[in-house]
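S.K.: The structure follows.
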Amino acid sequence: MKPSIPAAASDFAARLRSEIVPELTGFRANNVAMGSAMIDMIAEEFDRAAARLFEENEAVRALLQRDAALVDGVAAPDAPAKPDLRVSVLQAENDLLRSALIDLQTALETRNDGDASALDDDIWRELAQSVERRRIASANF
Amino acid sequence: MKALTAEDMAAYLAARFPDWRNIRIDGLHRLPLGASRETYRFDLSYEDMNGAHSDKLILRRDPPVSNVDSDRNHEYSSYRAIHGHGIAVPRMILLEEDPGPMGGAISIAEDLRGFHNSEYQLQEPAWRDKLPHIAEQMWGTMGRLAAVPVEDLDLDFMVPATPETTAMQELDFWEATLDKNDVGPEPITRAAIRWLRRNPPPPAQKLAMVHGDFRAGNFLYDDDGNLIAVLDWEMAHRGDPLEDLAWSLARVFSFGKDDRRSGIAPRADAIRIWEAASGLTADPEALHWWELLNCVKGQGIWNSCAHAWTTTSGEREVIHAYAAWWLRNAQDRAILELMGHL
């Protein structure tokens, strides 16, 4: 689409704030203000959503595959035979992978050896990177 | 959901108070307050055997789906319990638990008009010099709430708790809330829950009435920054007073997007004021536990917002989607910071 979706969405959000919100009061003004902030978040997320999910899915899958020799019963879900980069498909895969990651981290926490500790450290590093990938410009933190 | 109208309101009051005559409802409109309940403002006038009356009132109505597991009776009773014990709150006037007449359970309270409650306004340059005073007012009031002898309050409607049980009770509640409102795997929040279970805090120094959502945005203040009344008691419960302090220090409520907590004061100042007012000590390790617990609580609420949006139709509130989008990742970042992984 041209103009680019992030650019058009950001402009539309700004117009809502500057032209529409001042014409409203109370609950309705607040709803439109929140709506404009959400459009800004959509603009931010639109371009990066597939890339961050793809990157994260690769990273989590690698962590899960590393555990094969360490932890019984926690396996990485199979990678899709044919890559599908629709955000909904990537998100579904992400849910499966992050669910397995919870199981893996829970299992690692019961152990007290160097290999488990090293893998746990790497999981935390990936989780820290994941929040940076998902970070929203308007967030308080 | 049934629209709230002045006609329905007048008819309800006429049925509830048969000796009232010439009941008139003016200026009924919804206020942009909170994500969990509908809040309306209106003027009421009527006559009875004592003459003519005119009141400015606030009505809160329970929606069919909320992001907070509470009800009208709980908040109404919480306000009534703390009223008269040194913590300024609006006077409660009426509770109707039957959802039939008004399309949902309602409570009516006095409307303290002419004051501010915006947490964002406090970030404007005109308020900067007043922030130290507002900090004293906010955390001073929170400390005084912590000091109120819980035995003096009628809290029979609340779940029982002891200094020894409150921490795990709260963790159990919020973990169950996350389970009930699952919107996808949460590795960071789940890791925090496991850490909290492995590292329980010491028993509470005392049991207190915990407000449950004491932060900028949930109290009224005047032009000079004096705190006029504490609002939004729907999550009030018996518990460890450190829980309120920890909630007010949450990163997700740093509305100035800096180190000032609640967008008002540095963390150390907030703790100092609270300790002086409460006469209690904010043990750093215990406070850390409660800050992390409150991250789980926050994520429970934000996920409930997302869940409410995905499980309802036609009753959706914009704020539920907005809050979930805006807060869930920030809450994860706050957990990582507290656990030393950011």
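The values are calculated or read from the model by the stated rules, or taken from the named source; none is laboratory data. Bear in mind that the values here come from a model prediction, so they are computed numbers and not experimental data. In this analysis, Cβ positions are derived from the backbone assuming ideal geometry, glycine residues included, and neighbour counts consider all displayed protein chains. Note: areas computed on protein heavy atoms with side chains; ligands, DNA, RNA excluded. Shrake-Rupley method; radii C 1.70, N 1.55, O 1.52, S 1.80 Å.
S.K.: Check B:Ser254 against each of (1) without any contact (Cβ under 8 Å) to a residue 60 or more places away in the chain; (2) open to solvent by 20 Å² or more (accessible area, probe 1.4 Å); (3) not aromatic (Phe, Trp, Tyr) and name the one condition it does not meet.
M.R.: Going through (1) without any contact (Cβ under 8 Å) to a residue 60 or more places away in the chain; (2) open to solvent by 20 Å² or more (accessible area, probe 1.4 Å); (3) not aromatic (Phe, Trp, Tyr) one by one, B:Ser254 breaks only (2).
S.K.: Give segment B:324-340 a look and list any residue that's surrounded by 22 or more Cβ atoms within 10 Å (Cβ to Cβ) and more than 7 Å from chain A (Cβ to nearest Cβ), or say none.
M.R.: B:Ala324, B:Leu327, B:Arg328, B:Gln331, B:Ile335
S.K.: Right, B:Ile319: assigned to a helix (DSSP H, G or I) and either aromatic (Phe, Trp, Tyr) or farther than 29 Å from B:Arg198 by Cβ (or both) or not?
M.R.: Details: assigned to a helix (DSSP H, G or I): yes; either aromatic (Phe, Trp, Tyr) or farther than 29 Å from B:Arg198 by Cβ (or both): yes.
Spelling it out, B:Ile319 is indeed assigned to a helix (DSSP H, G or I) and either aromatic (Phe, Trp, Tyr) or farther than 29 Å from B:Arg198 by Cβ (or both).
S.K.: Here are the criteria: (1) under 26 Å from B:Val230 (Cβ atoms); (2) surrounded by fewer than 18 Cβ atoms within 10 Å (Cβ to Cβ); (3) not β-branched (Val, Ile, Thr). Tell me which single one B:Ala14 does not satisfy.
M.R.: (1)
S.K.: Could you tell me whether segment B:70-85 includes any residue that is surrounded by 14 or more Cβ atoms within 10 Å (Cβ to Cβ), part of a loop (DSSP other than H, G, I, E, B), within 15 Å of the chain's Cα centre (by Cα) and not assigned by TED's automatic domain parsing to the domain that holds B:Pro149?
M.R.: yes
S.K.: Return yes when B:Ala229 is open to solvent by less than 10 Å² (accessible area, probe 1.4 Å), over 24 Å from B:His307 (Cα atoms) and part of a helix (DSSP H, G or I) and no when it is not. Step through it out loud before you land on a result.
M.R.: Working: open to solvent by less than 10 Å² (accessible area, probe 1.4 Å): yes; over 24 Å from B:His307 (Cα atoms): yes; part of a helix (DSSP H, G or I): no.
No, not satisfied.
S.K.: Considering (1) away from chain B (no Cβ under 12 Å); (2) more than 16 Å from A:Glu126 (Cα to Cα), say which one A:Gln65 fails and leave the rest.
M.R.: Unmet condition: (2).
S.K.: Taking segment B:302-316 as the search range and keeping residues that are assigned to a helix (DSSP H, G or I) and open to solvent by 10 Å² or more (accessible area, probe 1.4 Å), which one is nearest to B:Pro241 (Cα to Cα)? Full working, then the answer.
M.R.: First pass over segment B:302-316, keeping only residues assigned to a helix (DSSP H, G or I): B:302-311.
Filter once more, so that each one left must be open to solvent by 10 Å² or more (accessible area, probe 1.4 Å): B:302, B:306-307, B:309-311.
Values: B:Trp302: 23, B:Ala306: 29, B:His307: 29, B:Trp309: 32, B:Thr310: 34, B:Thr311: 34 Å.
Ranking the qualifying residues of segment B:302-316, first place goes to B:Trp302.
S.K.: Among the candidates B:Phe157, B:Phe115, which residue alone is outside the structural domain of B:Gly298 (by TED's automatic domain parsing), aromatic (Phe, Trp, Tyr) and out of contact with any Cys (no Cβ under 6 Å at 6 or more places or on another chain)? Before the answer, list the steps.
M.R.: Working: B:Phe157 fails: outside the structural domain of B:Gly298 (by TED's automatic domain parsing).
When all the criteria are applied, what remains is B:Phe115.
S.K.: Given B:Tyr79, B:Tyr120, which one is over 29 Å from B:Lys257 (Cβ atoms) and touching a Phe, Trp or Tyr at 6+ places or on another chain (Cβ under 9 Å)? It would help to see each step written out before you state the result.
M.R.: On the way: B:Tyr120 fails: over 29 Å from B:Lys257 (Cβ atoms).
Only one candidate passes the filter, namely B:Tyr79.
S.K.: Still on this structure: Among B:Gln169, B:Gln205, B:Gln137, which is in contact with a Ser or Thr (Cβ under 8 Å, 6 or more places away or on another chain), away from chain A (no Cβ under 14 Å) and either of a type outside the set (Phe, Trp, Tyr) or outside any helix (DSSP H, G or I) (or both)?
M.R.: Of B:Gln169, B:Gln205, B:Gln137, the one residue that is in contact with a Ser or Thr (Cβ under 8 Å, 6 or more places away or on another chain), away from chain A (no Cβ under 14 Å) and either of a type outside the set (Phe, Trp, Tyr) or outside any helix (DSSP H, G or I) (or both) is B:Gln205.
S.K.: Continuing with the same structure: How many residues are hydrophobic (A, V, I, L, M, F, W, C) and either at pLDDT 95 or above or in a strand (DSSP E or B) (or both) if we restrict to segment B:30-48? It would help to see each step written out before you state the result.
M.R.: Within segment B:30-48, the first condition is being hydrophobic (A, V, I, L, M, F, W, C), and the residues that meet it are B:31, B:33, B:35, B:42, B:44.
Next, from what is left, pick out any that are either at pLDDT 95 or above or in a strand (DSSP E or B) (or both): B:31, B:42, B:44.
Qualifying residue count for the region: 3.
S.K.: Surrounded by 20 or more Cβ atoms within 10 Å (Cβ to Cβ) and in contact (Cβ under 8 Å) with a residue 60 or more places away in the chain: which single residue out of B:Pro160, B:Pro201, B:Pro101, B:Pro187 fits that description? Show your work before the answer.
M.R.: Values: B:Pro160 fails: surrounded by 20 or more Cβ atoms within 10 Å (Cβ to Cβ); B:Pro101 fails: surrounded by 20 or more Cβ atoms within 10 Å (Cβ to Cβ); B:Pro187 fails: in contact (Cβ under 8 Å) with a residue 60 or more places away in the chain.
Just a single option satisfies the conditions, and that option is B:Pro201.
Let's see how each residue does on (1) closer than 30 Å to A:Ile20 by Cα; (2) within 14 Å of chain B (Cβ to nearest Cβ); (3) in a helix (DSSP H, G or I):
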| residue | (1), (2), (3) |
| --- | --- |
| A:Ser36 | yes, yes, yes |
| A:Met41 | yes, yes, yes |
| A:Ala51 | no, no, yes |
| A:Glu55 | no, no, yes |
| A:Val60 | no, yes, yes |
| A:Ala81 | no, no, no |
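S.K.: Within the group B:Thr162, B:Thr141, B:Thr166, which residue is polar (S, T, N, Q), more than 21 Å from the chain's Cα centre (by Cα) and in the same structural domain as B:Ala282 (by TED's automatic domain parsing)?
M.R.: Among B:Thr162, B:Thr141, B:Thr166, only B:Thr162 is polar (S, T, N, Q), more than 21 Å from the chain's Cα centre (by Cα) and in the same structural domain as B:Ala282 (by TED's automatic domain parsing).
S.K.: OK, next. For segment A:97-119, which residues satisfy the criterion of being more than 8 Å from chain B (Cβ to nearest Cβ) and surrounded by 16 or more Cβ atoms within 10 Å (Cβ to Cβ)?
M.R.: In the first step, residues of segment A:97-119 are kept if they are more than 8 Å from chain B (Cβ to nearest Cβ); the result is A:97, A:100, A:103-104, A:107-108, A:110-119.
Once the filter is applied, which keeps residues that are more than 8 Å from chain B (Cβ to nearest Cβ) and surrounded by 16 or more Cβ atoms within 10 Å (Cβ to Cβ), segment A:97-119 yields A:Leu97, A:Ala100, A:Asp103, A:Leu104, A:Ala107, A:Leu108, A:Ala116, A:Leu119.
S.K.: Filter segment B:135-156 down to residues that are without any contact (Cβ under 8 Å) to a residue 60 or more places away in the chain and open to solvent by less than 60 Å² (accessible area, probe 1.4 Å), then give me how many there are. So that I can check it myself, show each step before the final result.
M.R.: First pass over segment B:135-156, keeping only residues without any contact (Cβ under 8 Å) to a residue 60 or more places away in the chain: B:149, B:151, B:156.
With open to solvent by less than 60 Å² (accessible area, probe 1.4 Å) added as a condition, the list becomes B:149.
The total comes to 1.
S.K.: I'm trying to understand the selection: among the residues of segment A:120-141, which are facing chain B (nearest Cβ under 7 Å), aliphatic (A, V, I, L, M) and part of a loop (DSSP other than H, G, I, E, B)?
M.R.: Correct list: A:Ile136, A:Ala139.
S.K.: Before we move on, is A:Ser117 within 19 Å of B:Glu186 (Cβ to Cβ) and among the hydroxyl-bearing types (Ser, Thr, Tyr)? Explain how you work it out, then say what you get.
M.R.: On the way: within 19 Å of B:Glu186 (Cβ to Cβ): no; among the hydroxyl-bearing types (Ser, Thr, Tyr): yes.
It is false that A:Ser117 is within 19 Å of B:Glu186 (Cβ to Cβ) and among the hydroxyl-bearing types (Ser, Thr, Tyr).
S.K.: Here's a follow-up. Quick one: is B:Ile93 without any contact (Cβ under 8 Å) to a residue 60 or more places away in the chain and within 14 Å of chain A (Cβ to nearest Cβ)?
M.R.: Numbers: without any contact (Cβ under 8 Å) to a residue 60 or more places away in the chain: yes; within 14 Å of chain A (Cβ to nearest Cβ): no.
Here the answer is no, as B:Ile93 does not meet what is asked.
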